Structures are given as C-alpha cells and as structure tokens.
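Any read-out appearing in this document is the output of simple, stated calculations on the displayed coordinates, not a laboratory observation. On a predicted model such as this, the values are computed, not experimentally measured, just so you know. Quick reminder, even Gly has a Cβ in these numbers, built from the backbone with ideal geometry, and neighbours come from all protein chains shown.
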Amino acid sequence: MNFSIKTFTIIIVIFLALNSFISNAKNRGIFNENRNDCFMNASTQAISHINELRTFYNKFKESAHSPNFENHKPMQVLFNYLNELEKEEPSPISGSKKFRAYWVNNFTTMKNFKTGQHDAQEFISSVFDILNNEFNKYLTEASENITQNPISTFKLQIKKTITCNHCGYVRSIDEPGYLLPLTILYGPLSDLKHCNDLTCCLKNFFEPTVMNDWTCDNCRQKNARRLKTISFLPKYLVIQLKRFIYGGIANKLDDAIKFDPIIEIDSDIIDQSIKEKYHNKNFSYKLLTFICHEGGPSGGHYWAYGKDSNNNWYKYDDSNVTSITPTILIDILNQTKEIGTPYVLFYELDEKTLFSHERVHQQLTQLKSSLQELKTRLETLRKKLEILKSKL
Ligand SMILES: [Zn+2]
C-alpha cells in the first residue's frame with residue numbers, strides 16, 4: 001500500500017515536471033536587455049504566432065535553389081530570432097539589445113527606436129515595411145515554390161466612397177495598410193462618447209459620415225456623404241485600438257474594451273467587388289494573439305498573449321511565460337478584472353467557418369428557443385414552489 005502511494009506520488013511529480021517542461025518548451029520568453037524593450041518583445045512574440053512566416057521559412061529551407069539568405073539580411077535577422085523562440089529549451093532567449101540595434105542602425109525609418117520605450121504598433125508597422133520590401137526583392141530571385149510574400153497576408157484595403165449630395169458625383173479612394181486603426185471615442189467633439197467594446201469601435205469606423213466641408217469635383221458645391229467599405233480582406237486582420245493621443249498634451253485612454261475571440265465582419269461593410277467572390281457571406285476572424293499595455297503615453301509596460309496550435313493560451317511578459325487558463329482568458333476578453341488594456345489585436349481569417357455561417361446561425365436560433373423554453377419551465381416550477389411554501 002505504502003509502496004503504491006509512493007510510486008503514485010513519484011509518477012505524479014515526474015508527470016508534472018515533464019508536463020511543465022513540455023508546455024514551456026516552445027514558449028520561451030525574451031530577456032528585456034535594455035530595460036525598455038518590452039514594446040519590442042511583446043511585438044516579436046505576437047509576430048511569432050503568424051504561421052505564414054513559419055511556412056515561408058520552412059519552404060525556404062526545403063528549396064535547394066533559393067538565393068542566398070545572407071543577401072537578405074532583414075529576413076535572416078527576423079527568422080534567426082524567431083527560430084530561437086521556437087527552440088525546445090525552457091530558458092528565455094537573449095539578444096533583444098542586438099535585435100533592436102540591427103533595425104536602428106540599418107534603417108533610417110527606425111532611428112527613433114534607438115533608446116527608450118516606444119509604441120508597439122509603430123514598431124510592427126516599421127518592421128513590416130522593411131520586410132515587405134525585402135520579401136519582394138527576394139521573390140524576384142526565388143524559385144517557383146516560394147511565391148507568396150508573407151507580409152501581403154496582412155494587406156487590408158479600405159475603400160472610401162464619397163458621394164455628392166447635390167449632383168450624385170462619386171469619388172472613391174482605396175487606402176491600403178497593414179492594420180485597422182479604430183478609435184475608442186466617437187460622436188461630436190462637444191459630446192464625445194466612449195466605446196466599451198470592439199463591436200462599438202468597429203461600428204463607428206464604418207458608420208457613414210456627413211462631409212460638410214468637402215467640395216464636389218463636378219458641381220463645386222459642398223455637402224457630401226462618405227461610406228467606408230473593405231475592398232481587400234487580409235488573412236491576418238490586425239486591429240489597433242487608438243489609445244494614445246499625442247495632439248496637445250499627450251494622453252492615453254485606459255478604457256476597458258471588451259473583445260470577442262471570434263469577430264464577424266458583416267457583409268454590409270464588404271465592398272461589392274469582393275463580396276461576390278465569397279458568395280456574399282459574412283467573414284469570421286479568430287483571435288490569434290494580442291498585445292496589452294499598462295501605463296501612460298510616455299512609459300508603461302507591454303506584454304502579449306498568444307494561442308499555440310493546440311489552442312492553449314500563454315502570457316508573454318518579457319522573460320516570463322505563463323500558461324493562461326480559459327477562465328483567465330474570459331476575464332481578459334470581458335475586461336472584468338484590472339488585467340491591462342488590450343492595444344493591438346491579431347485575428348486570423350477562419351476559412352472553415354466562411355461557408356458554414358448559415359449553419360451556425362441555425363444552431364444559435366435553436367439554442368435561443370431551447371433557452372426560452374427552459375426559462376418558462378423554471379418560472380412554472382418557481383410558482384409551484386411558492387404555492388407549496390404558502391401551504392406549509
Ligand atoms: Zn456635385
């Protein structure tokens with residue numbers, strides 16, 4: 001008996017130790033070597049969750065005819081760093097100082113990142129610009145089995161359509177980018193309101209706007225309406241919640257913004273030109289990774305959360321990586337506790353649900369009616385109980 005309990009305890013201890021090793025194995029933290037690298041560490045951890053980059057690298061390794069990687073330094077630097085993160089070692093990785101210095105010393109667009117704390121979104125956008133050019137250069141020399149620039153999977157395009165209210169003249173402008181910047185504040189300046197969830201931020205971004213100051217190219221009169229639609233949907237939808245306000249006195253909006261693990265892009269805001277391609281369906285995006293911020297506009301702390309291929313969530317806080325239980329994740333999504341404010345959210349297009357949207361809708365309707373039925377039955381039971389109580 002004694003022996004079996006001992007054996008059992010040993011097995012449990014070994015199992016837990018092994019399990020903690022396995023769960024930490026591919027989730028390495030990054031040392032904060034400059035003491036203010038958290039904006040970069042959180043961004044790197046988020047980027048490391050992008051499968052498209054890994055696929056590209058694997059294809060590159062397989063391809064015997066690939067041009068020399070050494071000639072494409074930005075790609076090499078990024079992939080070497082991401083490779084370190086993927087190594088099956090429990091210890092955090094070093095090199096944030098060197099990684100930062102590489103971008104700062106080689107690209108004028110990144111000179112500002114030399115010292116101090118920075119905006120994680122600005123860092124991601126600047127690195128993406130450099131990588132986009134480099135991947136394109138690489139692809140002109142590469143073999144045929146590498147054709148996709150991984151940065152192009154982030155390409156999002158917003159179409160602004162301005163229609164004159166007098167003569168009906170239409171002018172449209174396509175604005176490409178890597179991310180969707182959403183404001184938290186909305187309404188007239190004299191009566192600004194705050195959103196408390198992502199749905200509200202998205203709704204306001206695509207809300208038709210009256211443009212009193214816009215002069216029509218055709219009739220030269222003022223007064224028009226502007227409509228925003230998505231004319232190019234990315235595989236990875238990156239949403240920035242515009243919390244930092246730099247005009248006048250720098251400020252940060254610390255509003256709790258609830259966000260869902262799945263978001264539906266309503267077909268109403270998808271441009272006609274791409275709507276038909278996907279049979280007018282709504283688009284679903286699944287949350288993949290996100291960056292949070294705590295503190296003011298000139299300082300504070302960044303960290304990231306991310307999901308592995310087994311749907312397990314982790315918190316990446318510089319050198320510390322911790323497992324996140326579904327309950328904690330729900331608290332973060334609902335912003336029920338003071339867990340820091342979400343800032344940059346990475347969603348991935350769910351190609352599976354793209355065509356099963358109607359089925360989900362049907363199931364939800366069924367579930368709603370069953371719930372209603374249950375409610376009625378509970379109410380009847382409650383009344384019966386009241387009667388019984390009064391008789392006692
Ligand atoms: Zn006009």
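Label separation (Gln76 vs Ser273): 3.9 nm, computed from points 7 Å beyond Cα along the C-beta direction.
Approximating the spin labels as points 7 Å out from Cα along Cα→Cβ, the Ser323-to-Lys114 distance works out to 4.5 nm. For a quick check of your reading of the filter: which chymotrypsin sites (Phe, Trp or Tyr not before Pro) in region 203-301 sit in a DSSP loop and have no more than 11 other Cβ atoms within 10 Å? Passing sites in region 203-301 are Tyr246.
Can you give the longest stretch of the chain with no exposed loop site, where a site means GluC sites (Glu not before Pro) in a DSSP loop (not H, G, I, E or B) with at most 12 other C-beta atoms within 10 Å?
Details: sites that count: Glu88, Glu144, Glu338, Glu351.
Longest run free of exposed loop sites: 145-337.
With the simple spin-label model, which puts each label point 7 Å out from Cα in the Cβ direction, the Asn312 to Phe107 separation comes to 3.3 nm. When Thr140, Thr365, Thr199 are sorted by how many other C-beta atoms sit within 10 angstrom of their C-beta, beginning with the fewest, the order is Thr140, Thr365, Thr199. With a ≥ b ≥ c taken as the square roots of the eigenvalues of the C-alpha gyration tensor of the chain, please select rounded if a/c is under 1.5 and otherwise prolate if a/b is larger than b/c or oblate if it is not? Oblate shape, in that a/c is at least 1.5 and b/c is the bigger or equal ratio.
Indicate the helices, whole DSSP H runs only, in the chain that combine a mean Kyte-Doolittle hydropathy of 0.0 or more with a Cα extent along their long axis of 15 angstrom or more. Long hydrophobic helices here: 2-25.
Available extension along the chain between Lys203 and Asn58 is 48.3 nm, counting 0.36 nm per residue and deducting the alpha carbon span. What FRET efficiency would be calculated for the residue pair Cys167, Leu189, taking the C-beta separation as r and a Förster radius of 30 Å, to the nearest 0.05? Once rounded, the FRET efficiency stands at 0.50. Computing FRET efficiency as 1/(1 + (r/R0)^6) for Lys337 and Asn251, where r is the C-beta to C-beta distance and R0 is 35 Å, gives about 0.90. Sorting Lys307, Lys383, Lys222 from the fewest to the most surrounding beta carbons within 10 angstrom yields Lys383, Lys222, Lys307. Among DSSP beta bridges whose residues both lie in the chain, state the antiparallel percentage, nearest 5. Taking every DSSP beta bridge with both residues in the chain, the antiparallel ones total about 90 percent.
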